[in-house]
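What follows is one structure encoded as structure tokens, with my remarks underneath.
All of the numbers you see were taken from the coordinates with simple rules; none came from a lab. None of these values were measured; they are calculated from a predicted model. Glycine gets a Cβ as well: all are built from the backbone with ideal geometry, and neighbour counts include every protein chain shown.
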Amino acid sequence: MAEVLWHLGGSSDNWDHLKETVLGRYLKGSVILVFGTLILSVCVGVSTAWLVVCCEFPGRRFFEWALILPLTIPTFIAAYAYFDFLDKLTPALIWVRLNISPDAMITFGDILRYAVTILVLSFVLYPYVYLMARSAFSRQGSRYLEASRTLGHGPFSTFWRVALPLARPAIVAGASLVVMETLNDYGAVQHFGVPTFTTGIFRTWTALNDMPGALRLAAFLMLFILFILLIEKLLRSGARYHGDKTTGLAFQRYSLGKFKTFAAVFCCIIPLAFGFIIPVTRLVLWAFEALENNFDKTHFIKLTLNSVGLAVAASLAVAITALFLVYVARYFKSYIIHVSNRLAILGYSVPGAVIAMGILFVSGQINDVFDFIITGSLLTLGFAYLIRFLAVAWQSIDSGMERNCEQYNEASKSLGASAFISLFKVNVPLLWNAVLVAGLLVFIDIMKELPLTLILRPFDFETLSTRTFDLAYQSQIPESSVPALCIIIAILVPVIWLNRKMESE
Amino acid sequence: MNNLLELSEVTKRYDAGLPPAVDRVSFSCLEGQILAVIGSSGSGKTTLLRIIAGLEMPDLGRVTLNGETMNSQNECVPPESRDCSLVFQDYALFPNMTVQQNVAYGKASKNNSELIDRLFDLTKIGDLKNRYPHQISGGEQQRVALVRALATQPSLLLLDEPLSHLDPELRNNVRCELLNIFRVTNTTALFVSHDTEDALTMANQVVVMQNGKAVQIGSPMDVYSNPSNSYAAMLFGKTNLLPRELIPSAPYSFLDEDSGKELVSIRPHQWMVPTSTGNENMPSFTGTIRSVNPKGAHQEIVMETETTLLTIHFPRVFSAAIGDTLTVVFNKDS
């Protein structure tokens, strides 16, 4: 990050050209995309979470878990599943050109492009908000909602005045994940032709062959993210949003009338349909089509092994590193270790393309100094995953250690055990579950990851996601559906398992 | 006075395999009355309160409030439409709102600013209006929750273990305050408590709950001195449950379902040392003192007779030592 930020004031041959022509467009594109996706994701995520937690309607229990399924679809695969969506709107564009003006058609075309990208991203990213909001509404428990009801307030008023403000920190946390994922996305925005910082970084680097210019764009993206993180911090501070404890009493859900029941089912079925059912159905149909044509099964098995092997190895490394960092911070309670832990997990806020730029720069210097080429190796890629996804594992293990191990570590210390003994005899057995969850979360993220892998993978090394991207880039959408479906299937099982675990907790 | 609340054969079962949480409970509450529902943990008192508030739907039976039936076969008047307000055990003050915002939250509180000001004065929490719940003490939170509920001017105020979070000294003060507020605001209140002292000091009427059933309904003193079974007797503190034939002069007795015997409940303070006059005809109990425990102003003596163990409370000045022989008689005037 420091390496990238260092280039904020650096020089580049094309910088003046970039500044005059595309920097404004990248900024505008990123802002529109982030705010559009954010608003739609929050609306869908919060409303569906409220419905499944607080209202009773047919299919509620099904929707409770089914609404997380879009989480299994990487954004770029969702974009490919809707690849022809814009084409279907061409008659409308022609109508605008003929009846209004060619300029109006261009403007209308831009609006459609943004609208479709925002819709596609929102319908696969809303589960981040949904999961956080669902958990917050459930944790609020019965007492605040019941208190509101006994004071004369109906469901709508209770939602606006009590449930929503109390869930605000959780919703902001979910929304910030949506923002980070939107800024990180490369495949979807590249496919729909929306200019953002990420596409700009790739274009400047690959098309203009201007690494310093790309680094400078990455630095601007970092500033944009720091600004968003600041807003998030401000939104989450202020009044207290949680009570001292929650009750175990089950909430008597609002029973809905006929019209409201229909509206609730409709509200839940739309995001599920657009975020999962339609894209997966299209991918399955295309996959059958591709399998009937000369599909290279041997190569495909190699791709799957590459992807799963890389994801398993990297998630293991990330989970073990996170366990070590959390343990050291909690056992020794040193301020410096605490701060360095916090710095280490900042990587999740940084888009993959930016991390890749930073790592390429650093690894280039290592190559020069030690005369040993690490650029383009699996080691560099693994290190990039570690930086990007350490926070995911860290959060899970840290909360597990806070819940389970704090007092036992004190007891272990008082019995004269060393830090090493405490780690392996006390913490590891107690944290086994948390480490497993951490590993699975990282596995899911790595399976879905594209920009980092695309930039840092070794020469001729392909994964399911890079293959999907390459095939789609060559307009072989039906062929790209097979690796895309494999990614979804690989993610589906851990996602459902994790959701069950969350519900039981 | 009219019946404000009437429960008829109300039954609620959470799980088909378990006994009902509330089992055919019937009682009524008059306007202006303060009714206490007491019982140990799991006796069904909180479920009963939640049914009255509309937060739970009864499986059977009828709840009538202000002459209006609150539940039919499948439909229930929702809590927000009932003319009652509930003070939760942990107060449930909204943590994102100030005291003022909490109190003004009730839908019916909007036009009651004069009443709210009066309640703030009465409860002496006017200075806390701009504070958040986590910035005030437990006792103050309890008062805010009470004011919030009263500000909606409900016909019936429901309180779930209103004093359970307070320390003993504060609890005595709050009991007096609550009674004063109920009197000044002419409130009809129903509260549940596991602490019989709350019922004895605050209620006009007591309902004793055991295993989901209302086993006794009456005035607090009536339930205290004339319990309907051994559970109701022991709920109000230590007592000696003796066969009726041992103390024929005891004014009350009940049939114990377990032993099938008629028992009397003699409280530890209802014993005395026989005097030369007046209790020659009273049955006396002689035994050996097994323990002597000082309990502040009095001492608790456990005496073993040939047939039973007796618990006796005597003033501290009474000289007693372990191993001494003691004779006591029932003091029917105590």
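Summary table
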quantity: Label-point separation, B:Asn211 to B:Met57 (7 Å along Cα→Cβ), nm; calculated: 2.9 nm
quantity: Size of electric dipole in the protein assembly as shown: Cβ of Lys, Arg +1 and of Asp, Glu -1, about Cα centre, debye, nearest 20; calculated: 860 debye
quantity: Sites A:Ile100 and B:Lys129 - FRET efficiency at Förster radius 41 Å, r taken between beta-carbons, to 0.05; calculated: 0.10
quantity: Percentage of interatomic Cα-Cα distances in chain B larger than 30 Å; calculated: 46 percent
quantity: Straight-distance crosslink candidates among lysines, where the alpha carbon sits under 25 Å from A:Lys258 and sequence neighbours closer than 8 are dropped; calculated: none
quantity: R0 of 35 Å, Cβ-Cβ distance A:Phe370-A:Leu223: FRET efficiency to nearest 0.05; calculated: 0.60
quantity: Global geometry of the stretch A:294-505, whether rounded, prolate or oblate, following the gyration tensor of its Cα atoms and the 1.5 cut on a/c; calculated: oblate
quantity: Helical mean residue ellipticity (222 nm; -39500 (n - 2.57) per DSSP H run of 4+; nearest 500) of chain A; calculated: -25000 deg cm²/dmol
quantity: More than 23 Å apart - percent of Cα-Cα pairs taken over the stretch A:1-292; calculated: 63 percent
quantity: Residues A:Ile446, B:Ile181, sorted so that the one with the fewest Cβ neighbours within 10 Å comes first; calculated: B:Ile181, A:Ile446
quantity: Extension reserve of the A:Arg139-A:Thr281 stretch, reckoned as 0.36 nm per residue once the Cα distance is removed; calculated: 47.6 nm
quantity: GluC sites (Glu not before Pro) within the stretch B:1-68, DSSP loop, no more than 15 other Cβ atoms inside 10 Å; calculated: B:Glu31
quantity: Test item: B:83-94 mean partner chain Cβ contacts at 10 Å; calculated: 5
quantity: Relative contact order of the stretch A:1-292, defined on C-alpha pairs under 8 angstrom at six or more residues apart (%); calculated: 35 percent
quantity: Residue-span extension gain [B:Ser137 to B:Asn3] - 0.36 nm each, minus C-alpha spacing; calculated: 44.6 nm
quantity: Pairwise FRET efficiency - B:His194 versus B:Thr308, Cβ, R0 = 35 Å, nearest 0.05; calculated: 0.80
quantity: Dipole magnitude of the stretch A:294-505 about its Cα centre (Cβ charges: Lys, Arg +1; Asp, Glu -1), debye to nearest 20; calculated: 480 debye
quantity: Average partner coverage of B:97-107, which counts Cβ from other chains inside 10 Å; calculated: 3
quantity: GluC sites (Glu not before Pro) within the stretch B:283-331: DSSP coil, no more than 12 neighbouring Cβ in 10 Å; calculated: B:Glu306
quantity: Over 27 Å between alpha carbons, listed pairs A:Lys233/A:Lys333; A:Lys233/B:Lys124; A:Lys233/A:Lys413; B:Lys45/B:Lys238; calculated: A:Lys233/B:Lys124; A:Lys233/A:Lys413
quantity: Taking the stretch B:77-231 and dividing mean pair separation by its residue count, relative contact order in percent (alpha carbons under 8 Å, at least six apart); calculated: 23 percent
quantity: Length released on extending from A:Ala313 to A:Ile489, taking residue separation times 0.36 nm less the Cα-Cα span; calculated: 61.5 nm
quantity: Packing-based exposure ordering (other Cβ within 10 Å, fewest first) of A:His191, A:His338; calculated: A:His338, A:His191
quantity: Longest exposed-site-free window of chain A, the sites being trypsin sites (Lys or Arg not before Pro) in a DSSP loop that have at most 11 other C-beta atoms within 10 Å; calculated: A:1-244
quantity: Separation in nanometres of the label points that stand 7 Å from Cα toward Cβ, at B:His165 and A:Phe461; calculated: 5.7 nm
quantity: Number of partner chain Cβ atoms within 10 Å, mean per residue of B:148-161; calculated: 1
quantity: Distance (nanometres) between label positions extended 7 Å along Cα→Cβ at B:Thr327 and B:Glu245; calculated: 2.3 nm
quantity: Partner lysines for A:Lys302 [C-alpha distance under 30 Å; skip if fewer than 8 residues away on the same chain]; calculated: A:Lys448
quantity: Angle in degrees between helix B:113-123 and the longest Cα principal axis of chain B, rounded to the nearest 10; calculated: 30 degrees
quantity: Rounded to 10°, Cα long-axis angle of helix B:138-150 versus longest principal axis of chain B; calculated: 60 degrees
quantity: Of A:Lys28/A:Lys88; A:Lys260/B:Lys129; B:Lys107/B:Lys213, those spanning more than 28 Å from alpha-carbon to alpha-carbon; calculated: A:Lys260/B:Lys129; B:Lys107/B:Lys213
quantity: Equivalent-ellipsoid semi-axes of the stretch B:1-143, from the Cα gyration tensor, Å, largest first; calculated: 32, 18, 14
quantity: Farthest positive-ward along the stretch A:1-292 dipole, Cα basis, beta-carbon charges - from A:Phe276, A:Cys43, A:Trp160; calculated: A:Trp160
quantity: Amide H partners (placed H, <5 Å) of B:Val22, local residues excluded; calculated: B:Lys12
quantity: With at most 11 neighbouring Cβ atoms within 10 Å, loop chymotrypsin sites (Phe, Trp or Tyr not before Pro) (DSSP) excluded, longest segment of chain A; calculated: A:1-371
quantity: Span-like helix ranges in chain A, DSSP H, alpha carbon extent 27 angstrom or more, Kyte mean at least 0.0; calculated: A:23-54, A:102-150, A:164-184, A:211-236, A:297-332, A:378-404, A:477-504
